[in-house]
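The values are calculated or read from the model by the stated rules, or taken from the named source; none is laboratory data. For clarity, every value in this text was computed on a predicted model and none was experimentally measured. In this analysis, Cβ positions are derived from the backbone assuming ideal geometry, glycine residues included, and neighbour counts consider all displayed protein chains.
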Amino acid sequence: MITVKQAKDLLIKNINSLEPISKNLLEAVGYVMEEDIFSPIDLPPFTCSAMDGYAIRSSDVRGKLPIKLKIKGEIKAGDFKNITVGEGYAFKIFTGAPIPFGTDYVVMQEYTQQEDDFVLIKKNFSKYENIRWKGEEIRKGQKVLSRGTVLNPVVIGFLAIMGIDKVKVIRKPNAYLIVTGSELVIPGTPLKLGKVYDSNSFSIYSALKDMGIERISMVRRGDDFRAIHKAFEKAIAGSDVIIFSGGVSVGKYDFVRELFEKVGVETIFYKVEQKPGKPIYFGRYKGKIIFGLPGNPVSSLVCFYGYVYPAIRKMMGLYPIFLEEKTLSLLKEIRNKGGKVNFLRGMFYSNTVMPLKYQSSHMLSSFAKSNCLIVVPRNRKLLKKGEKVKVQILPM
């Protein structure tokens, strides 16, 4: 059995990001860029108007206002007219439209009055006002985004406005979830005596989905060695990470560890000094990452967020990989047996945290109300009210 820190160090050491692939922008949200981006164009790509109004020559607006100018035409966004505006003329212009040659500022329409084919300019402005200059934001060839950037909607829009339609990203892993236990019943079916509803399929699958994993396969198997073995063989064929739920302890019907030993899975660690979730398993087989999570619902989720979550984030190229941590003040004392790191479900508010009732590893109700895990050190048997504690913030 190893410490939580040792387990995390081994996790970091044995997980690498996956290979790059090319993605169309509309399919790239949530991915991590595998390359630096240099703008292929200037932004704006041409000098244009920042307002609706009139493009004029500053030399025409001198002396007593209002000034009367002849309207030569109009330019709307998307138009390009290779024209030059001469003395005494104005062009009606709209936001985003190219500035005609010869003009050097735009008068907002609020400060003008149109009279037939003429416009009265009622207010003077500084030269070059209300003009967006070609390349004033980004110059062609300029580095604009770095490798490791997460492709969120804003970043995707930024790439699109530069004319980029594809981007090289780090591939997301394909996940395979194998939930074991003959006692499990699918929700929506009658519950017989001795059976329990399967929650791990739903919570772990949803957690993977919440991380942005796009290809998730899932099967349920009873406590039958051959059935679990066949599911494992299928999982190995098309997945990057295989997650078992249940069957990793030392009971008579816990067959997952026996399976790992029989097929030759390389054990990186098994059992961690923590509560809940001591019998967490992490290994490798044929280039695949293997996790064995405890069957108790709370233990399974605590181990998922402690180990599977950071492993997948690293595979996806996301950083930091571990849950965000804060140091907060306890609103209630905590008594602990010691000897293991204890992860308690809690609710934090601003700079304080409250441990919740019902902390047993089968009690999912308190987890449903929590937004963090309170980390109780293995050598502490009492944490007093008001004491500073480390908490891990759960994804919301």
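Filtering region 136-174 down to residues that are part of a strand (DSSP E or B) and within 27 Å of Ile216 (Cβ to Cβ), which residue is nearest to the chain's Cα centre (by Cα)?
Looking at the filtered set, the residue picked out is Val150.
Free of Cβ contacts under 8 Å to residues at least 40 places away in the same chain and surrounded by 13 or more Cβ atoms within 10 Å (Cβ to Cβ), is that true of Ala90?
Yes, satisfied.
Take region 261-293 and flag every residue that is assigned to a loop (DSSP other than H, G, I, E, B) and touching a helix residue (DSSP H, G or I) at 6+ places or on another chain (Cβ under 9 Å).
The answer is Val265, Glu273, Pro276, Gly277, Lys278, Pro279, Ile280, Lys286.
The rows are residues; the columns are (1) in contact with a strand residue (DSSP E or B) (Cβ under 7 Å, 6 or more places away or on another chain); (2) farther than 30 Å from Gly238 by Cα; (3) surrounded by fewer than 13 Cβ atoms within 10 Å (Cβ to Cβ).
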residue: Thr95; (1), (2), (3): yes, yes, no
residue: Pro98; (1), (2), (3): yes, yes, no
residue: Gln109; (1), (2), (3): yes, yes, no
residue: Val119; (1), (2), (3): yes, yes, no
residue: Lys143; (1), (2), (3): yes, yes, yes
residue: Arg147; (1), (2), (3): yes, no, no
residue: Ala160; (1), (2), (3): no, yes, yes
residue: Asp165; (1), (2), (3): yes, no, yes
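Considering Gly30, Gly63, which residue is modelled with pLDDT under 90, surrounded by fewer than 20 Cβ atoms within 10 Å (Cβ to Cβ) and in a loop (DSSP other than H, G, I, E, B)?
Selected residue: Gly63, the only one of Gly30, Gly63 that is modelled with pLDDT under 90, surrounded by fewer than 20 Cβ atoms within 10 Å (Cβ to Cβ) and in a loop (DSSP other than H, G, I, E, B).
Read through the list (1) more than 30 Å from Val169 (Cβ to Cβ); (2) in contact with a Phe, Trp or Tyr (Cβ under 6 Å, 6 or more places away or on another chain), then give the number of the only condition that Gly78 fails.
Single failed check for Gly78: (2).
Test Gly194 against the stated conditions and say whether it is in contact (Cβ under 8 Å) with a residue 12 or more places away in the chain, over 30 Å from Lys314 (Cβ atoms) and exposed (fewer than 14 other Cβ atoms within 10 Å of the Cβ).
It is false that Gly194 is in contact (Cβ under 8 Å) with a residue 12 or more places away in the chain, over 30 Å from Lys314 (Cβ atoms) and exposed (fewer than 14 other Cβ atoms within 10 Å of the Cβ).
Could you please give the count of residues in region 121-135 that are modelled with pLDDT of 95 or more and in a strand (DSSP E or B)?
Number satisfying all stated conditions: 2.
Taking into account only those residues within region 367-396 that are in contact (Cβ under 8 Å) with a residue 24 or more places away in the chain and of a type in the set (Gly, Ala, Ser), which is farthest from Phe343 (Cα to Cα)?
Selected residue: Gly386.
Somewhere in region 212-220, is a residue closer than 29 Å to Leu18 by Cβ, in a helix (DSSP H, G or I) and in the same structural domain as Tyr305 (by the TED database)?
no
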